[in-house]
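A short worksheet on the structure shown next.
The values are calculated or read from the model by the stated rules, or taken from the named source; none is laboratory data. Note that this is a predicted model, so its numbers are computed, not measured. Cβ atoms come from the backbone with ideal geometry, glycine included; neighbour counts cover every protein chain shown. These area figures cover heavy atoms from the full protein model, side chains too; ligands, DNA and RNA do not enter into them. Shrake-Rupley method; radii C 1.70, N 1.55, O 1.52, S 1.80 Å.
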Amino acid sequence: MKNNKFDVLVALYIFGIMVAELMGAKTMQLTQFSWLHLHASVAIFVMPLLFTITDVVNEVYGRERARRLVRIGLMVIVLQLFTSLLFTALPASARYAGSEGAYDSIFGTTVRFAFASLLAFAISEMMDVVVFARLRERMGKRGLWLRNNASNFVSQFFDSTVFIVAAFYAFGQPVGGNVSFLVGIILPYWLIRCALSVAETPLVYLGVRWLKPQKKAKLQPLETAGSEA
């Protein structure tokens with residue numbers, strides 16, 4: 001059975017989420033200049049793509065279908081979280097015992113980090129859908145580049161802030177020390193993601209142009225599409 005274009009976008013969206021969840025624990029050094037040492041998760045390369053996909057869907061099919069896409073993403077993260085907790089808790093066979101430590105260190109993400117990721121994703125993606133839709137109501141079809149980047153800047157600020165605060169706030173430390181430390185991480189991380197969002201702006205135009213012709217075929221609602229398979 002031939003996949004339609006929306007199916008392809010859903011597949012890419014889920015792929016980006018799984019890459020961020022499973023491989024995002026690795027960090028890389030971005031710059032080392034005097035006292036300034038900036039590091040970021042490798043997931044920084046796929047997160048702007050997720051917001052780009054929701055903006056494309058929002059532009060072509062509207063807010064409700066974009067929200068459905070976000071809900072699919074949340075379901076994938078929840079399933080991945082509980083599956084990882086279950087699989088790492090299961091005892092290994094004698095033949096696999098030597099690799100158990102490496103397996104657990106890769107897939108045994110702490111509950112705090114996992115829920116921080118889930119909370120940040122839920123808030124930021126819903127924020128992206130709402131901001132983009134509101135701007136489209138006011139601007140119509142004009143300024144797609146502006147609507148895309150404005151919604152991304154706002155949503156990715158919330159994503160960076162919520163995740164870093166939820167994951168790294170030290171409850172035993174003074175509030176002032178926490179604020180200084182967290183702001184020092186949030187601002188450069190957010191600015192880098194904004195820069196990547198701008199760089200990916202042409203993908204929004206390509207995605208909308210690629211997806212729009214199929215809208216004329218009146219894509220079935222998700223709840224009924226499976227009945228004809």
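Of the solvent-accessible surface of region 96-164, computed with a 1.4 Å probe and all protein chains present, 70% belongs to carbon and sulfur. If Rh is defined by the Kirkwood formula over all Cα pairs and Rg also comes from Cα, what ratio Rg/Rh do you get for region 59-104? Reported Rg/Rh, Kirkwood definition of Rh: 1.34.
Loop-resident trypsin sites (Lys or Arg not before Pro) (DSSP state other than H, G, I, E or B) in region 58-159 with no more than 12 further Cβ atoms inside 10 Å of their Cβ: Lys141, Arg142.
Taking a ≥ b ≥ c as the square roots of the eigenvalues of the Cα gyration tensor, an a/c ratio of 1.5 or more together with a/b no larger than b/c marks region 75-194 as oblate. Counted residue by residue at 0.36 nm each, then reduced by the alpha carbon distance between them, the extension gain from Asn4 to Val154 reaches 50.9 nm. The length gained on full extension between Arg209 and Ile14, counted as 0.36 nm times the residue separation minus their Cα-Cα distance, comes to 68.1 nm. Given R₀ = 22 Å, FRET efficiency for Val78-Met23 by Cβ-Cβ distance, to 0.05? FRET efficiency, Val78 to Met23: 0.75. For region 147-190, the equivalent ellipsoid derived from the Cα gyration tensor has semi-axes of 24, 9, 6 Å, listed largest first. Computed from label points 7 Å out along Cα-Cβ, the spacing between Arg68 and Val183 is 4.4 nm.
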